[in-house]
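In what follows, a single structure is set out as structure tokens and then discussed.
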Amino acid sequence: MEKTIAVLEGDGIGPEIVRESLKVLRAIEEKYGHAFTCTFAPFGASAYFTEGSPFPDRTKAVCDGADVIIKGPVGLAVEEMSRIPPEHRPEIGAILPLRSRYDTFANFRPVRLPRGLASFSPLKPELLGEGIDILMIRELVGGIYFGEKVEGPKTGMAYARDDCTYTDAQVRRVAVVAFEEAKKKGCDLTNIHKANVLATSRFWNAVVEDVARSYPDVRHHSLLVDNAAYQLVKNPTGLNGVVLLENMQGDILTDEAGGIIGSLGLMPSACIGPGKGYVEPAHGSAPDIAGKNIANPYSMIGSIALMLDRCLGLPGEAQEVWDALFAVFRQGFTTAELAGGEGPERTVLSTSAFGDAVVKNIAGRA
Ligand code: NAD
Ligand code: IPM
Ligand code: MN
């Protein structure tokens, strides 16, 4: 297969973990005889400082011309954000425009912790049963993120407003993706909402129920978002299967899920739309550990696996990446933020050594 890939390294740990993910992609490329042509382009806070925009026109052109986009995390440390005017900050000025440009409405965030890695979790092992295997599917281009935003004085009072809207079509298409996924996996679907307060959640649920009628074989439940946050800690395996979330609630619960499996560094993601998709870790630029070669590249390498599967239609190659990732843990290695705690003694690998270990485990190269 021949494909062109736009690579946006991003900020903070972005370049470090993107580098490792590309090593793994190269190993897959060689083994399977694919040809992936990567073009790097600036994106995020670093792009603002060098080019005056967090999503420069030339980056848009590179992305438009590519088959798929690999994106590292972007953003400055919270205390440094004021160095960039609000409209040029990477979140508002780059990530959201990237998502809406390609209408990537379905954000796949797998939350996986096999039983053998229970010691990574801050939860007691007995809460982890046979392991956590949740596929969180987060709506990514609607809701409060994309509604009108108003800040300013009105009738003499300072005030601010963020509108939250969802259309039938916006809810329907992501619900269909989630039900299709649950049907394929033969698992339960849990729909998360806040219908006891929000009109948009009541509407969301009505559309989800309508979609559910076309999937009589998929067992589905619904859960208020506050209870879901609680259940994730008290009984995470009770959510195994597909979990469907709107944009804002999905943002928060996917980070919580990262905490439950031990690290945001274990949270890859893929953003899928009607055309080209892009992949990124679920976490941010981790300014606290940037430049130290200690970040966990699993999230970015797992994003490559998601890209191979969901964007390029190469499930065999994707599985090989997953197998190689988990083999590194099975061989007794870990990364700095996962080290310590109960469980077997593990050797801590740097970011680059972890990438090398994954490459070694790509079959045929060991
Ligand atoms: P963060 O997700 O960057 O970091 C939170 C914590 O998780 C930190 O302690 C960090 O060290 C740790 N962490 C994250 N990824 C890790 C990894 N791969 N390996 C080991 N530890 C890891 O959250 P933050 O510090 O609140 O945000 C920093 C910046 O990132 C902000 O500007 C924020 O807006 C931005 N952000 C961007 C994205 C994105 O690009 N999609 C996502 C979330 C946050
Ligand atoms: C994420 C991030 C983004 C979001 C921010 C940085 C815009 O937190 O991808 O989870 O809220 O969607
Ligand atoms: Mn987030």
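Are there strands (runs of 3 or more DSSP E) fully within the range 115-168 with at least 1 residues that are surrounded by fewer than 20 Cβ atoms within 10 Å (Cβ to Cβ) and at pLDDT below 95? List them. Don't jump to the end; show me each part of the working.
Working: elements: 131-139, 149-154, 157-162.
Answer list for the range 115-168: 149-154, 157-162.
Asp309 meets all of the listed conditions (1) of a type in the set (Asp, Glu); (2) in contact with a helix residue (DSSP H, G or I) (Cβ under 6 Å, 6 or more places away or on another chain); (3) not assigned by TED's automatic domain parsing to the domain that holds Val111 but one, namely (3).
For the range 179-200, enumerate the residues that are under 15 Å from His221 (Cβ atoms) and part of a helix (DSSP H, G or I). Don't jump to the end; show me each part of the working.
At the first step, the residues of the range 179-200 found to be under 15 Å from His221 (Cβ atoms) are 179, 182, 187-193, 195.
Those that are under 15 Å from His221 (Cβ atoms) and part of a helix (DSSP H, G or I): Phe179, Ala182.
Considering only helices (runs of 4 or more DSSP H) fully contained in the range 230-331, which possess at least 2 residues that are within 16 Å of ligand 2 (Cβ to nearest atom)?
Details: elements: 247-261, 298-306, 315-330.
Filter on the range 230-331 gives 247-261, 298-306.
Looking only at the range 47-73, which residues are charged (D, E, K, R) and not in a helix (DSSP H, G or I)?
Asp67, Lys71
Every test in (1) touching a Phe, Trp or Tyr at 6+ places or on another chain (Cβ under 9 Å); (2) free of Cβ contacts under 8 Å to residues at least 60 places away in the same chain; (3) of a type in the set (Ser, Thr, Tyr) is passed by Tyr166 save one, and that test is (2).
Taken over the range 331-366, the criterion of being within 23 Å of Lys31 (Cα to Cα), away from ligand 1 (no atom under 16 Å from the Cβ) and surrounded by 13 or more Cβ atoms within 10 Å (Cβ to Cβ) is satisfied by Asp356, Val359, Lys360, Asn361, Ile362.
Does at least one position in the range 86-109 carry a residue that is away from ligand 2 (no atom under 16 Å from the Cβ), closer than 20 Å to His283 by Cα, in contact (Cβ under 8 Å) with a residue 24 or more places away in the chain and not in a loop (DSSP other than H, G, I, E, B)? No; the residues of the range 86-109 include none that is away from ligand 2 (no atom under 16 Å from the Cβ), closer than 20 Å to His283 by Cα, in contact (Cβ under 8 Å) with a residue 24 or more places away in the chain and not in a loop (DSSP other than H, G, I, E, B).
The values are calculated or read from the model by the stated rules, or taken from the named source; none is laboratory data. These numbers were taken from a predicted model, which means no experiment stands behind them. Note that each Cβ is placed from the backbone with ideal geometry, even for glycine, and that neighbours are counted across all protein chains shown.
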